[in-house]
């Protein structure tokens, strides 16, 4: 699939020269089309294509996540990288996903009751999303890399960490990944992690309210990459310090240049 002018639904130039374009890709099936946003630095051109960073995020909807995503994209553009994201299935204006909604409801009930979250709930919550989102990311990547102003190598940055793990295994165009810990990890993903060989930089908030610390440590230990870094900082899920973001940016500069 190629991104053509009719795929782009809006365009604006931000005050730092970054070009922001919303796009929609066709997707057969009940979960509808794939909306997304592409940010390209002013320096990107067919003569000097920019490396691309895929921005992962939780399934809260692009509207809610936009302030954080555009800040990450502008930071990437300042380093000469393009950035793109897609709306996750069941989020935003995409059709409802009843199975995912039921799994989230079961998760909330368990946590509010102070009960352990079972492997069965985690599997129902995460694995179908990974199975659906990873091919959608690959479809988006096909279309994005067909644009003359974009080129490889490609990085992945963000969560859900299980999505990033699967992408690192199955998508050879991704050369390096910054993975955000802080989400539930199915047992099957630990086995997939052993197949990951690309350089990794994992961000972990030590006091994450979801209590995901041990899961993140176990997953980090399972990754098969020869180069992997764990950047752990005190604070809650949304309290990643600026210097941790700077270290992640330096990681991409080393590996995508």
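The values are calculated or read from the model by the stated rules, or taken from the named source; none is laboratory data. Bear in mind the structure is a predicted one, so any value in this text is a computation, not a measurement. Note: ideal-geometry Cβ built from the backbone for every residue, glycine included; neighbour counts use all protein chains shown.
Some points to look at:
- For region 68-95, a residue qualifies if it is more than 14 Å from the chain's Cα centre (by Cα), surrounded by fewer than 24 Cβ atoms within 10 Å (Cβ to Cβ) and on the phi < 0 side of the Ramachandran plot, and the qualifying residues are 71, 74, 75, 78, 79, 91, 93, 94, 95.
- Sole exception among (1) in a helix (DSSP H, G or I); (2) touching a helix residue (DSSP H, G or I) at 6+ places or on another chain (Cβ under 9 Å); (3) at pLDDT 95 or above for residue 245, by number: (3)
- Residue, farthest from the chain's Cα centre (by Cα), within region 132-166, restricted to residues that are part of a helix (DSSP H, G or I), touching a residue at least 40 places away in the same chain (Cβ under 8 Å) and closer than 23 Å to residue 218 by Cα: 165
- Single match in 195, 214 (criterion: touching a helix residue (DSSP H, G or I) at 6+ places or on another chain (Cβ under 6 Å) and either outside any loop (DSSP other than H, G, I, E, B) or surrounded by fewer than 16 Cβ atoms within 10 Å (Cβ to Cβ) (or both)): 195
- Flag for residue 103 being touching a helix residue (DSSP H, G or I) at 6+ places or on another chain (Cβ under 6 Å) and not in a helix (DSSP H, G or I): no
- Unmet criterion (only one of (1) modelled with pLDDT under 95; (2) assigned to a helix (DSSP H, G or I)) for residue 127: (1)
- Counted residues, region 33-88 - those being assigned to a loop (DSSP other than H, G, I, E, B), within 18 Å of residue 175 (Cβ to Cβ) and touching a helix residue (DSSP H, G or I) at 6+ places or on another chain (Cβ under 8 Å): 3
- The condition of being farther than 26 Å from residue 250 by Cα and in contact with a strand residue (DSSP E or B) (Cβ under 6 Å, 6 or more places away or on another chain) holds for only one of 76, 22, 44, that being 22.
- Qualifying positions in region 217-242 - part of a loop (DSSP other than H, G, I, E, B) and modelled with pLDDT of 90 or more: 223, 224, 225, 226, 227, 234
- If only residues of region 17-32 that are at pLDDT 95 or above and assigned to a loop (DSSP other than H, G, I, E, B) are counted, the one that is farthest from residue 145 (Cα to Cα) is 17.
- Condition broken by residue 202, with the remaining ones in (1) within 22 Å of residue 87 (Cα to Cα); (2) surrounded by 22 or more Cβ atoms within 10 Å (Cβ to Cβ) satisfied: (1)
- Conditions (1) more than 26 Å from residue 253 (Cβ to Cβ); (2) buried (at least 16 other Cβ atoms within 10 Å of the Cβ); (3) modelled with pLDDT under 95: number failed by residue 159: (1)
- Leading residue by the ranking (farthest from residue 55 (Cα to Cα)) among those in region 172-192 that are in a loop (DSSP other than H, G, I, E, B) and out of contact with any strand residue (DSSP E or B) (no Cβ under 8 Å at 6 or more places or on another chain): 186
- Count of region 1-16 residues which are modelled with pLDDT of 85 or more and buried (at least 16 other Cβ atoms within 10 Å of the Cβ): 1
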